[in-house]
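Worksheet: one structure, shown below.
The values are calculated or read from the model by the stated rules, or taken from the named source; none is laboratory data. This is a predicted model, so every value here is computed, not measured. We place every Cβ from the backbone using ideal geometry, glycine too, and count neighbours over all the protein chains shown.
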């Protein structure tokens, strides 16, 4: 029987579909890959021991991507068009968790994503740090493929 080792969280790839620049898709951190079912509480008359909870809708948080500041970025051009001109053009984003052979173990397909925020880390002459840009995206939902 083969031993199972959980995959590492540092070997992943991000692809914004429709923007094809491999060097532009390198990120150091991805967060926001979760889903939850919101519930509504209903208090029943005469039943004081508990409250009924009923599912209402599925909720996805915003996707947050972080990386060292990249000059001449197609992703940032898309973000700037969306934010400056309010020219929202949603794109699908794939987040791929890779194995040791660089093949996808799991792929999250984020549907109709568009940028909602861009941020650069503070500039500080007394600190020896890389400038980090943070990109935030709304998306409608994701599907998950497993290898």
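At-a-glance table
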quantity: Residue that is farthest from residue 103 (Cα to Cα) [pool: residues in the range 18-36 that are surrounded by 10 or more Cβ atoms within 10 Å (Cβ to Cβ) and over 14 Å from the mean Cα position of the chain (by Cα)]; calculated: 36
quantity: Condition check for residue 93: over 26 Å from residue 133 (Cβ atoms), at pLDDT 90 or above and in a strand (DSSP E or B); calculated: no
quantity: Meets criteria (outside any loop (DSSP other than H, G, I, E, B), in contact with a strand residue (DSSP E or B) (Cβ under 8 Å, 6 or more places away or on another chain) and over 13 Å from residue 135 (Cα atoms)) for residue 7; calculated: no
quantity: Among (1) modelled with pLDDT of 95 or more; (2) out of contact with any strand residue (DSSP E or B) (no Cβ under 6 Å at 6 or more places or on another chain); (3) outside any loop (DSSP other than H, G, I, E, B); (4) at negative phi, the one test that residue 78 misses; calculated: (1)
quantity: Residue that is nearest to the chain's Cα centre (by Cα), among those in the range 115-130 that are surrounded by 13 or more Cβ atoms within 10 Å (Cβ to Cβ) and closer than 17 Å to residue 27 by Cα; calculated: 115
quantity: Residue match in the range 125-132 (condition: at pLDDT 90 or above, touching a strand residue (DSSP E or B) at 6+ places or on another chain (Cβ under 8 Å), closer than 30 Å to residue 8 by Cα and not in a loop (DSSP other than H, G, I, E, B)); calculated: yes
quantity: First in the range 71-88 and touching a residue at least 60 places away in the same chain (Cβ under 8 Å), second anywhere and assigned to a helix (DSSP H, G or I), Cβ under 6 Å, 6 or more apart; calculated: 75/24
quantity: Tally of residues being more than 16 Å from residue 136 (Cβ to Cβ) and surrounded by 17 or more Cβ atoms within 10 Å (Cβ to Cβ) across the range 84-103; calculated: 4
quantity: Which listed residue is touching a helix residue (DSSP H, G or I) at 6+ places or on another chain (Cβ under 6 Å) and outside any helix (DSSP H, G or I), from 14, 30; calculated: 14
quantity: In the range 60-74, residue surrounded by the fewest Cβ atoms within 10 Å (Cβ to Cβ) [restricted to those that are part of a loop (DSSP other than H, G, I, E, B) and modelled with pLDDT under 95]; calculated: 71
